1. Quick test for you: out of VAL43, VAL48, pick the one residue that is crowded, with 18+ Cβ neighbours inside 10 Å and either more than 14 Å from the chain's Cα centre (by Cα) or not in a helix (DSSP H, G or I) (or both).
2. May I ask you to list the residues in the range 56-93 that are farther than 23 Å from TRP15 by Cα and either in a loop (DSSP other than H, G, I, E, B) or among the acidic types (Asp, Glu) (or both)?
3. Return the residues of the range 46-89 that are among the acidic types (Asp, Glu) and either in contact (Cβ under 8 Å) with a residue 12 or more places away in the chain or farther than 16 Å from GLN103 by Cα (or both); say none if nothing qualifies.
4. How many residues are farther than 21 Å from GLY26 by Cα and of a type in the set (Phe, Trp, Tyr) when one looks only at the range 73-107?
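The values are calculated or read from the model by the stated rules, or taken from the named source; none is laboratory data. Being a predicted model, the structure only gives us computed values, none of them experimental. Here the Cβ positions follow ideal geometry from the backbone for every residue, glycine too, while neighbour counts run over all protein chains shown.
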Amino acid sequence: MTSGPNPATRQRSPWLEAEPMFGGAGPRVFQRNVGDGRLTALVADEPVIGWHLSISHPRRYPSWDEIAHARYSLLPADLDFVMHLPPLDEYVAIHDNCFHLHQHPEP
């Protein structure tokens, strides 16, 4: 089996910390320029549920490489993260082009 390019080491524009959205409280906000706009990532270590990352683009879904790059650049390296898909009746989507990564609950 051959492996593909490593999303953590491929050359990209950097994630830059932006002004806090909530006056300094709440998640840290990062932005990264891409060819067709700007990605935004919110990162927080939340009580009870642990680390959480939201990543969005204004006009499209973030690509898998963009999601992986945000995860490996902005979240703790020694933890596992998952993209949770709940039952449809529990699904909440506030932003059309946003994906969420959550810290896996198991060590």
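1. Testing whether each residue is crowded, with 18+ Cβ neighbours inside 10 Å and either more than 14 Å from the chain's Cα centre (by Cα) or not in a helix (DSSP H, G or I) (or both) leaves just VAL43.
2. Once the filter is applied, which keeps residues that are farther than 23 Å from TRP15 by Cα and either in a loop (DSSP other than H, G, I, E, B) or among the acidic types (Asp, Glu) (or both), the range 56-93 yields HIS84, LEU85, PRO86, PRO87, ASP89, GLU90, TYR91, VAL92, ALA93.
3. Of everything in the range 46-89, those that are among the acidic types (Asp, Glu) and either in contact (Cβ under 8 Å) with a residue 12 or more places away in the chain or farther than 16 Å from GLN103 by Cα (or both) turn out to be ASP65, GLU66, ASP80, ASP89.
4. 1
The rows are residues; the columns are (1) at pLDDT below 90; (2) among the small types (Gly, Ala, Ser); (3) in contact with a helix residue (DSSP H, G or I) (Cβ under 9 Å, 6 or more places away or on another chain).
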{"residue": "PRO5", "(1), (2), (3)": "yes, no, yes"}
{"residue": "LEU42", "(1), (2), (3)": "no, no, no"}
{"residue": "GLU46", "(1), (2), (3)": "yes, no, no"}
{"residue": "SER56", "(1), (2), (3)": "no, yes, no"}
{"residue": "ASP89", "(1), (2), (3)": "yes, no, no"}
{"residue": "PRO105", "(1), (2), (3)": "yes, no, no"}
